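Note sheet for the following structure.
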Amino acid sequence: MSAAMLIWAAAVAATPQAQVEAVMADSAAGWNAGDLARFTAIYAPDAVYVAGGEVARGKEAIAARYAKSFVGGGNARGRLSFTPVMWRPLSAVHLLHIARWTLTPTGGAASQTGLTSLLFERRKEGWRIISDHSS
């Protein structure tokens, strides 16, 4: 079996939580690399994002909300990481994930942290966020 087939087989066999953790890690890596498309690949085209009293509808609107911090091959807001808080399977194709996000700026400034409630849906392209409420 080829290496690609082994990786695919491992991903298929992984639990939904492990699959979601993998896409979240890739999204954070996109943020940290200054790659907006990679960061937002985790969102479904019809996703809804709620934060700071605002609602963004659709992946394009979510990307536009974040675009200003993606500059010079990085992210002006700092390095992003996620720490899982809890999981709740809702159905065979829906999973609620609550995580703590942390932004660690360069230059010694204080880190920012908050919580995010993410509703994931398993779609043909994999697990995608359909609702994101971050504080």
Helix 16-33 against the longest principal axis of the chain: what's the angle in degrees, Cα atoms only, rounded to the nearest 10?
30
Apply the Karplus parameterisation 6.51 cos²θ - 1.76 cosθ + 1.60, with θ equal to phi minus 60°, to every residue of region 122-127 and state each ³J(HN,Hα) to the nearest whole Hz, in sequence, with x for glycine and proline.
7, 10, 4, 8, x, 6
Spin-label model distance (nm) - Ala25 vs Ala37, 7 Å beyond Cα toward Cβ
2.4
Just how large is the dipole of the chain about the Cα centre, in debye to the nearest 20, putting +1 at every Lys and Arg Cβ and -1 at every Asp and Glu Cβ?
80
If I model a spin label at Arg100 and Val71 as a point 7 Å from the Cα along the Cα→Cβ vector, what separation in nanometres do I get?
3.0
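No value in this document is a laboratory result; all are computed from the given coordinates. Just so you know, these numbers come straight off a predicted model, no measurement behind them. Neighbour counts run over all protein chains shown; Cβ positions are idealised from the backbone, glycine included.
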